[in-house]
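Structure first, then comments.
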Amino acid sequence: MIPKTYKEVIDLGDGREISIETGKLAKQAHGSVVVQSGKCMLLCTVVSNYHSADVDFLPLTVDYREKFAAAGRYPGGFFKREARPSDGEVLTMRLVDRVLRPLFPKDYHSETQVMIQLMSHDDDVMPDAMAGLAASAAIQLSDFPFECAISEVRVARVNGEFVINPTRAQLAESDIDMMIGASADSVMMVEGEMDEISEEEMTEAIKAAHEAIKVQCAAQIRLAEAVGKKEVREYEPEREDEDLAKKIHDMVYDKTYAIAKAGSAKHERGAAFSEIKEEVFNSFSEEEQDDLGKLIHKYVAKAQKEAIRNLTLDEGLRLDGRKTDEVRPIWCEVDYLPSTHGSAIFTRGETQALATVTLGTSRDSNQIDMPSYEGEERFYLHYNFPPFSTGEARPIRGTSRREVGHGNLAQRALKGMIPEDCPYTVRVVSEVLESNGSSSMATVCSGTMALMDAGVQMTKPVSGIAMGLISDADSGKYAVLSDILGDEDHLGDMDFKVTGTADGITACQMDIKVKGLSYEILVNALKQARDGRLHILGKLTDTIAQPNADVKEHAPTMVTRRIPNEFIGALIGPGGKVIQELQKETETTIVINEDPVTEEGIVEILGVGSKGIEAVEAKIDSLMFKPEVGSVYEVKVIKMLDFGAVVEYTEAPGNEVLLHVSELAWERTENVSDVVNMGDVFDVKYFGIDSRTRKEKVSRKAILPKPEGYVERPKRDNNRGRDNRGRDNRNRDNRRDDRKPREEKKY
């Protein structure tokens, strides 16, 4: 029996569409859809357990995977099976999670899983832009307690026009690459990279994306209504006690307000807040503690949050005593690590990042092998967030999703400032050593200085700042916070990170927690962020004003040469023998790539110091050396033979040619050593290929004056004594008579 299906179609313009279909696949999931654009198909399923987990948070897992079969390919590596998710897949998971999570009720604690799979790939469609739409559409068909439909789109700007969900080719021409997540009423998430755009331009891009999202949300609602919207499931909400909440509020609020207003340091402030919690908890009997323990802690945290927010809204003060637009003290240092190719420390308040730079060849590029994209990165950044940076001890189980996401943000902030003609593959690694507020922005700042310290000729330095927002819808008050603390990140209504040069924004990441944030507030927040960003940029350039002119003495120098493809084989040698021996002798790294456009070989030579590099270049020059007929060249005798001397062109060592004994001098030469000896240097004239010997011919005597009275020897007549058939007729009859008679053979 063919299942009944339901379908909605969204028009993207330019003849492009997105369809949402349900009813055919994965019907045992609580909600499932297939989202398709062109030949690209995503299958999204959602499931949530009907019993609550014993936790005080939402155990939500968003999983996005790209199947290699979707692109008709095999997984790379030894094991032909998809394994751990790639960084690209992890980044898509984070984009979807950040929009979905706030829309579940805060007291909903059932294990929930959203699985999105790329089942069919289209080169002209970027699947990550449809992942949020697929997740929300599947949830709309379920019975989950979920606030409203959302969607995510990518927005680009090509030739001044905004494009929704552009192709990869369009994106390559764009100066904006942003992912926006929103409901029909509110923008909730922004992340992307830009080519030094203004705050107003960024806001216009968000508006364009939001209009497209409204259409996609309406399509989801129509689909759910056509299928038959399910009743929202009942679940056991968290326990509440209004009287207890008021009692604790009265005990906590004023004390917290006073401590927050004092503007103390993180550990001192944390100890004082903990003391309040302990005092409140101990004011209850043991029976009440056992019964109301979770509620007590919940209401204490709620009262403290309210006190800290009101202090900022009413008095413009913050937890550490700063004003709303004030940036914490900053100190920086470059060239801290003696053996790295570049290094820098950036410390802002209680946040510290140590960045290192490593320079390499194209062989060191980061290879990206995904079903939806294959390529390489010649500039990449890795971010490490060890537990000691926050004074904690916890297991380290590989790179976390957070580390992947924060590293990607910093990489996008900096990569546009790496010049296209940079010959190196550049790897930046950020080690977060202290964290109390935006270590990702500290990574951008330390990364900028480390790159300049390494001699990478950045177009412009980049800085970054983390901002926060506290607002009160009833009173209309709001406060934008520059350089937020870790505590302010949790208690605010918006946190956003902005990076850029003095001329514009290069990357951003926003999570907006308040509904209906006005664009006026957003623009004001971005402008305040610009002031803070420029202040930090000044601190960076005070430390290192511009990139070092050269790499460090112990760092490798990169030289790039282009050679015709016909010489690549000679440079590599049989089985790689020539290039391997050359690398060993010169202590360099040599990488050869072919340019299919120019049909040339691109030779990268990486070495410390100039001696080895010069030796490799000399070898390349030698291989490519082609003497011109009629030209005079300096040569050196490298071997003596009975019939001549083997000479080497001094301007192309390794290129040898035979100087025949007859070409040494005008006089008759009996012994080669009478004219030249080993190591002698002199000039010869090049005559090209000798028609008689089929070998290259050079002559020393051709550039010497003829001796006085010199007479040319007559040329030998090779046809003398031959008939018209070329047979020798001289004394033919006599020679026949002189022959000995044959002996009879006896058998």
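Please treat every number below as a calculation from the coordinates, not as lab data. Nothing here was measured: the structure is a model prediction, and the numbers come from that model. Glycine gets a Cβ as well: all are built from the backbone with ideal geometry, and neighbour counts include every protein chain shown.
Here are some notes:
- The chain, relative contact order [Cα under 8 Å, separation at least 6], %: 9 percent
- Local electrostatic count, residue 436, Cβ distance below 12 Å [Lys/Arg +1, Asp/Glu -1]: -3
- Panel note: the C-alpha atoms of region 160-273, placed on their principal axes, show extents of 59, 47, 20 Å (largest first).
- Shape summary: region 557-624 maps onto an equivalent ellipsoid whose semi-axes, from the alpha-carbon gyration tensor, are 18, 14, 10 Å in decreasing order.
- Per-selection Rg to Rh, the chain - Cα, Kirkwood hydrodynamic radius: 1.20
- The alpha-carbon of residue 80 sits under 22 angstrom from the alpha-carbons of these lysines, leaving out residues fewer than 8 places away in its chain: 67.
- DSSP beta bridges in the chain [antiparallel fraction, %, rounded to 5]: 90 percent
- Ellipsoid fit via the Cα gyration tensor, region 396-498: semi-axes of 31, 17, 11 Å, each the root of five times an eigenvalue, largest first.
- Region 563-667: translational diffusion in µm²/s, Stokes-Einstein, Kirkwood Rh over Cα pairs, 25 °C, 0.890 mPa s: 157 µm²/s
- Full-extension gain in nm, residue 201 to residue 594, via 0.36 nm per residue minus C-alpha separation: 137.4 nm
- Percent of alpha-carbon pairs separated by more than 19 Å within region 242-315: 33 percent
- Full extension of the chain between residue 699 and residue 611 yields a length gain of 28.3 nm, computed as 0.36 nm times the residue separation minus the alpha carbon distance.
- Neighbour-count order for 90, 597, 155, 327, fewest beta carbons within 10 angstrom listed first: 597, 327, 90, 155
- Percent of alpha-carbon pairs separated by more than 32 Å within region 6-227: 17 percent
- Using a cutoff of 8 angstrom between alpha carbon atoms and counting only pairs six or more residues apart, the relative contact order for region 69-200 works out to 20 percent.
- When each of 214/415; 214/298; 39/229; 261/477 is checked by Cα-Cα distance, pairs over 27 Å: 214/415; 214/298; 39/229
- Taking 0.36 nm per residue of separation and subtracting the Cα-Cα distance, full extension of the segment from residue 185 to residue 171 would add 2.3 nm.
- Debye-formula intensities of region 85-205, expressed as log10 I(q)/I(0) at q = 0.19 Å⁻¹, are -1.09 (one equal scatterer per alpha-carbon, no solvent).
- Amide H contacts of residue 25 (H built 1.01 Å from N, under 5 Å, at least 5 apart or other chain): none
- Debye log10 I(q)/I(0) for region 632-703, one point scatterer per Cα, at q = 0.14 Å⁻¹: -0.36
- With neighbours defined as other Cβ atoms within 10 Å of a residue's Cβ, the residues 449, 202 order from fewest to most as 202, 449.
- With Cα atoms, 0 to 90° folded angle of helix 286-315 axis to the chain main axis: 70 degrees
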